[in-house]
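Below is one structure; the comments refer to it alone.
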(Lines give C-alpha, C1' and ligand atoms only; values in the text may rest on other atoms or scores of the structure.)
Protein backbone atom coordinates (compact mmCIF):
# COMPACT_ATOMS: atom_id res chain seq x y z
CA UNK A 1 0.00 0.00 0.00
CA UNK A 2 2.73 2.50 0.95
CA UNK A 3 4.64 1.74 -2.20
CA UNK A 4 1.54 2.63 -4.27
CA UNK A 5 1.15 5.93 -2.40
CA UNK A 6 4.83 6.75 -2.76
CA UNK A 7 4.83 5.85 -6.47
CA UNK A 8 1.78 8.03 -7.08
CA UNK A 9 3.60 11.10 -5.83
CA UNK A 10 7.13 9.97 -6.54
CA UNK A 11 8.24 11.63 -9.77
CA UNK A 12 7.54 15.24 -8.84
CA UNK A 13 8.25 14.71 -5.18
CA UNK A 14 11.61 13.13 -6.00
CA UNK A 15 12.43 16.09 -8.25
CA UNK A 16 11.48 18.52 -5.51
CA UNK A 17 13.45 16.61 -2.89
CA UNK A 18 16.49 16.11 -5.09
CA UNK A 19 16.53 19.79 -6.01
CA UNK A 20 16.20 20.63 -2.38
CA UNK A 21 18.93 18.20 -1.29
CA UNK A 22 21.29 19.05 -4.11
CA UNK A 23 21.06 22.80 -3.69
CA UNK A 24 19.58 23.35 -0.27
CA UNK A 25 20.83 20.50 1.87
CA UNK A 26 22.91 22.78 3.91
CA UNK A 27 25.85 22.64 6.23
CA UNK A 28 26.80 26.26 5.56
CA UNK A 29 29.67 28.43 6.59
CA UNK A 30 28.77 30.72 9.48
CA UNK A 31 28.76 33.90 7.37
CA UNK A 32 26.44 32.26 4.86
CA UNK A 33 23.94 30.73 7.28
CA UNK A 34 20.64 30.69 5.43
CA UNK A 35 17.91 32.82 6.94
CA UNK A 36 14.42 31.56 7.86
CA UNK A 37 11.56 31.97 5.42
CA UNK A 38 8.38 30.43 4.06
CA UNK A 39 7.25 30.25 0.46
CA UNK A 40 5.32 28.44 -2.20
CA UNK A 41 7.30 26.29 -4.61
CA UNK A 42 6.89 25.12 -8.18
CA UNK A 43 8.86 22.19 -9.60
CA UNK A 44 8.64 20.70 -13.05
CA UNK A 45 10.17 17.92 -15.07
CA UNK A 46 10.47 18.68 -18.76
CA UNK A 47 7.23 17.77 -20.52
CA UNK A 48 5.14 17.19 -17.38
CA UNK A 49 2.66 19.18 -15.33
CA UNK A 50 4.30 21.32 -12.62
CA UNK A 51 4.01 20.34 -8.98
CA UNK A 52 3.29 23.03 -6.40
CA UNK A 53 3.38 23.16 -2.64
CA UNK A 54 4.47 25.05 0.47
CA UNK A 55 7.96 25.26 1.94
CA UNK A 56 9.12 26.36 5.40
CA UNK A 57 12.75 26.76 6.41
CA UNK A 58 14.54 27.56 9.65
CA UNK A 59 18.08 26.20 9.85
CA UNK A 60 18.65 23.30 10.46
CA UNK A 61 15.06 22.26 9.62
CA UNK A 62 12.75 22.42 6.65
CA UNK A 63 9.23 21.34 5.85
CA UNK A 64 7.81 20.67 2.39
CA UNK A 65 4.05 20.23 1.86
CA UNK A 66 3.06 18.54 -1.38
CA UNK A 67 -0.53 17.37 -1.78
CA UNK A 68 -1.19 14.56 0.67
CA UNK A 69 2.45 14.31 1.81
CA UNK A 70 4.48 16.47 4.18
CA UNK A 71 8.22 16.01 4.54
CA UNK A 72 9.93 17.37 7.65
CA UNK A 73 13.72 17.17 7.87
CA UNK A 74 16.09 18.09 10.67
CA UNK A 75 19.69 18.26 9.47
CA UNK A 76 21.09 18.34 13.00
CA UNK A 77 19.56 14.91 13.75
CA UNK A 78 19.73 13.73 10.10
CA UNK A 79 16.15 12.46 10.32
CA UNK A 80 13.27 13.01 7.88
CA UNK A 81 9.61 12.28 8.52
CA UNK A 82 7.27 11.57 5.60
CA UNK A 83 3.72 12.26 6.80
CA UNK A 84 0.69 10.87 4.97
CA UNK A 85 -2.19 13.20 5.77
CA UNK A 86 -5.04 10.92 4.72
CA UNK A 87 -3.88 8.06 6.97
CA UNK A 88 -2.46 10.12 9.87
CA UNK A 89 0.67 7.98 9.61
CA UNK A 90 4.35 8.66 8.98
CA UNK A 91 7.58 6.91 8.12
CA UNK A 92 11.02 7.87 9.33
CA UNK A 93 14.03 8.01 7.01
CA UNK A 94 17.65 9.03 7.28
CA UNK A 95 18.37 12.48 5.88
CA UNK A 96 21.60 12.73 3.88
CA UNK A 97 24.29 15.23 4.74
CA UNK A 98 25.05 17.78 2.07
CA UNK A 99 27.33 20.77 2.00
CA UNK A 100 26.42 24.03 0.36
CA UNK A 101 28.36 27.25 0.17
CA UNK A 102 26.49 30.28 -1.13
CA UNK A 103 29.85 31.75 -2.20
CA UNK A 104 30.70 28.68 -4.33
CA UNK A 105 27.74 26.37 -4.99
CA UNK A 106 29.91 23.87 -6.91
CA UNK A 107 32.49 23.41 -4.14
CA UNK A 108 31.16 19.97 -3.14
CA UNK A 109 29.73 19.01 -6.55
CA UNK A 110 32.20 16.98 -8.63
CA UNK A 111 29.55 16.47 -11.35
CA UNK A 112 29.17 20.15 -12.35
CA UNK A 113 31.18 23.32 -12.77
CA UNK A 114 29.97 26.81 -11.85
CA UNK A 115 30.65 30.29 -13.10
CA UNK A 116 29.27 33.35 -11.33
CA UNK A 117 27.33 35.50 -13.79
CA UNK A 118 26.46 38.35 -11.42
CA UNK A 119 23.42 40.01 -9.88
CA UNK A 120 19.97 39.10 -11.12
CA UNK A 121 16.36 39.31 -9.98
CA UNK A 122 14.73 35.89 -9.59
CA UNK A 123 11.17 35.42 -8.38
CA UNK A 124 11.09 39.11 -7.43
CA UNK A 125 14.20 38.95 -5.21
CA UNK A 126 17.83 40.10 -5.53
CA UNK A 127 20.08 37.13 -6.26
CA UNK A 128 23.51 36.14 -7.44
CA UNK A 129 23.21 34.00 -10.57
CA UNK A 130 25.54 31.09 -11.25
CA UNK A 131 25.76 29.28 -14.57
CA UNK A 132 26.32 25.54 -14.18
CA UNK A 133 27.63 22.98 -16.65
CA UNK A 134 27.13 19.25 -16.32
CA UNK A 135 30.61 17.71 -16.68
CA UNK A 136 29.31 14.52 -18.31
CA UNK A 137 26.89 15.98 -20.86
CA UNK A 138 28.14 19.56 -21.19
CA UNK A 139 24.54 20.78 -20.78
CA UNK A 140 23.95 24.15 -19.10
CA UNK A 141 21.91 24.95 -16.01
CA UNK A 142 21.71 27.76 -13.49
CA UNK A 143 21.16 28.58 -9.85
CA UNK A 144 20.08 31.89 -8.32
CA UNK A 145 21.08 32.39 -4.68
CA UNK A 146 19.00 34.90 -2.74
CA UNK A 147 21.30 37.61 -1.35
CA UNK A 148 19.27 38.14 1.83
CA UNK A 149 18.41 34.51 2.55
CA UNK A 150 21.72 32.93 1.38
CA UNK A 151 19.54 30.23 -0.13
CA UNK A 152 19.03 28.97 -3.71
CA UNK A 153 15.57 30.09 -4.83
CA UNK A 154 15.65 29.25 -8.54
CA UNK A 155 17.31 26.22 -10.11
CA UNK A 156 17.45 25.14 -13.76
CA UNK A 157 18.93 21.65 -14.15
CA UNK A 158 20.81 20.53 -17.25
CA UNK A 159 18.13 17.86 -17.82
CA UNK A 160 15.38 20.51 -18.15
CA UNK A 161 13.98 20.16 -14.63
CA UNK A 162 13.19 23.41 -12.80
CA UNK A 163 12.59 24.37 -9.18
CA UNK A 164 11.48 27.79 -7.88
CA UNK A 165 10.58 29.23 -4.50
CA UNK A 166 7.96 31.96 -5.01
CA UNK A 167 5.90 34.29 -2.77
CA UNK A 168 8.80 34.27 -0.30
CA UNK A 169 8.19 35.67 3.19
CA UNK A 170 11.43 36.12 5.12
CA UNK A 171 11.24 35.74 8.89
CA UNK A 172 11.16 33.32 11.80
CA UNK A 173 9.09 30.14 11.53
CA UNK A 174 7.11 28.51 14.34
CA UNK A 175 9.08 25.57 15.79
CA UNK A 176 5.93 23.45 15.96
CA UNK A 177 5.60 23.22 12.16
CA UNK A 178 8.79 21.14 12.11
CA UNK A 179 7.39 18.47 14.45
CA UNK A 180 5.25 15.44 13.74
CA UNK A 181 1.71 16.48 14.80
CA UNK A 182 -0.07 14.70 17.64
CA UNK A 183 -2.22 11.79 16.51
CA UNK A 184 0.15 10.50 13.80
CA UNK A 185 1.20 6.86 14.02
CA UNK A 186 4.70 5.75 13.01
CA UNK A 187 4.66 2.87 10.51
CA UNK A 188 7.55 0.80 9.09
CA UNK A 189 9.44 2.27 6.17
CA UNK A 190 8.67 0.00 3.16
CA UNK A 191 12.03 0.72 1.52
CA UNK A 192 13.91 -0.57 4.60
CA UNK A 193 12.42 -4.05 4.01
CA UNK A 194 14.25 -4.55 0.72
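When the range 166-194 is filtered for residues that are in contact with a helix residue (DSSP H, G or I) (Cβ under 9 Å, 6 or more places away or on another chain) and closer than 17 Å to residue 72 by Cβ, the ones remaining, listed by number, are 187, 189. Could you tell me whether the range 118-136 includes any residue that is modelled with pLDDT under 95 and under 23 Å from residue 64 (Cβ atoms)? Yes, the range 118-136 has at least one match. Within the range 161-194, the set of residues being over 17 Å from residue 91 (Cβ atoms), assigned to a loop (DSSP other than H, G, I, E, B) and out of contact with any strand residue (DSSP E or B) (no Cβ under 8 Å at 6 or more places or on another chain) comprises 174, 182. Any residue at all in the range 56-78 that is in contact (Cβ under 8 Å) with a residue 40 or more places away in the chain, outside any strand (DSSP E or B), surrounded by 15 or more Cβ atoms within 10 Å (Cβ to Cβ) and out of contact with any strand residue (DSSP E or B) (no Cβ under 9 Å at 6 or more places or on another chain)? No. Against the numbered list (1) surrounded by 14 or more Cβ atoms within 10 Å (Cβ to Cβ); (2) at pLDDT 95 or above, residue 157 comes up short only at (2).
The values are calculated or read from the model by the stated rules, or taken from the named source; none is laboratory data. Just so we're clear, the structure is a prediction, and the values are computed from it rather than from any experiment. Please note: Cβ atoms are built from the backbone with ideal geometry, for glycine as well, and neighbour counts cover all protein chains shown.
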